[in-house]
Amino acid sequence: MTAFVDFSSVWLAYSEELLAKQQFAVEDISLRVERGEFIAIVGPSGCGKSTFMKLATGLKMPSKGSITIDGRQVAGPLKITGMAFQSSSLLPWRTTLGNVLLPLEIVEPYRSSFRAKRAEYEDKGRKLLQSVGLGGYEDKFPWVLSGGMQQRASICRALIHAPKMLLLDEPFGALDAFTREDLCCILRDLQSAQKFNVILVTHDLREAVFLADAVYVMSRSPGRIVAKKVIELPRPRELALTYTKEFTDIVLELREHIGAIRKPLTGVAPELAS
């Protein structure tokens, strides 16, 4: 069976000069993700998690190896993906609904039919906003919304064009603990209902274990995949699960992997190895 995402011995150097010196940001990454699967990428700062995301969206091409997504080798930016980041980056002069509809205005095949189908697209956007608890805020501007509400709108914007894969780079990192839990549950429900693939980059191991089917641990730079943990906790997962020993044991196992990665290198002063 063909995997939906297939990284085969992928290496990336950010320039020809670095490639000539064999200095890579990530090296020898191989992984296969099945259709509809939710994976999380964790690891120490600077390990190449965001570089992995750029490769998965086609914003960067590998220096060595190949990437296949949805049966096609990646050769440039992908239209089948949606992205959300730690900053919601909503345009302040557009309403919440206007921000959500933005991809449909600039990405084909929606762009060419946007005027003719505007009412249909607006209805779709309103329903999506309602599904994340933003009904009634469609015509409000971003400065009226809390940080958590802005991030919900950002996720709706990433999903409005029905992408096959959602890529999330620390999407809840700037939010308080309660808001993060709320958004985790919203993301859980959206993915369960729509079955799109998700690649989540996060520093929060509890978040990764709660949401993902599998968690991949990356080493310090140059980034490699050093561990994979399949999360066999049953779905649907409720927040109460995060307080159980079964859940905590998985988090601790992943933390041990990262702890081993972060240990000072032999013979190197700790401040130079960080």
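Where a number appears in this text, it was derived from the coordinates with a stated rule and is not lab data. Treat the numbers as computed from the prediction; the structure is a model and nothing was measured. Please note: Cβ atoms are built from the backbone with ideal geometry, for glycine as well, and neighbour counts cover all protein chains shown.
Data table
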read-out	value
Extension reserve of the residue 9-residue 45 stretch, reckoned as 0.36 nm per residue once the Cα distance is removed	10.7 nm
Under 15 Å from the Cα of residue 60 - aspartates and glutamates, other chains or at least 8 residues apart	16, 27
Point-charge dipole on Cβ atoms (K/R +1, D/E -1) for the chain, about Cα centre, debye to 20	520 debye
Per-residue ³J(HN,Hα) for segment 103-116, Karplus 6.51 cos²θ - 1.76 cosθ + 1.60, θ = phi - 60°, Hz, x for Gly and Pro	x, 6, 7, 10, 10, 6, x, 6, 4, 5, 10, 4, 4, 5
Spatially proximal lysines relative to residue 195 (Cα-Cα < 17 Å; intrachain offsets below 8 disregarded)	164
From the coordinates shown, Cα extents along the principal axes in Å corresponds to which of (1) 109, 50, 35; (2) 71, 69, 32; (3) 63, 46, 41	(3)
Segment 89-215 - Rg over Rh from alpha carbon coordinates, Kirkwood radius	0.96
Residue 23-residue 117 pseudo-label distance in nm [points 7 Å out on the Cα-to-Cβ vector]	4.7 nm
Cα centroid separation - segment 114-145 against segment 177-254, whole Å	29 Å
Pairs from 64/117; 49/140; 79/228; 124/229 whose Cα-Cα separation, in the structure shown, is over 32 Å	64/117; 49/140; 124/229
Around residue 64: net Lys/Arg minus Asp/Glu count, Cβ-Cβ under 11 Å	-2
Over the chain: helical MRE at 222 nm, DSSP H runs n ≥ 4 each giving -39500 (n - 2.57), nearest 500	-11000 deg cm²/dmol
Dmax and Rg, reported as Rg then Dmax, of segment 30-114 (C-alpha, Å)	15.6, 44
Charge dipole (the chain, unit charges on Cβ, about Cα centre) - positive-most of 190, 144, 63	63
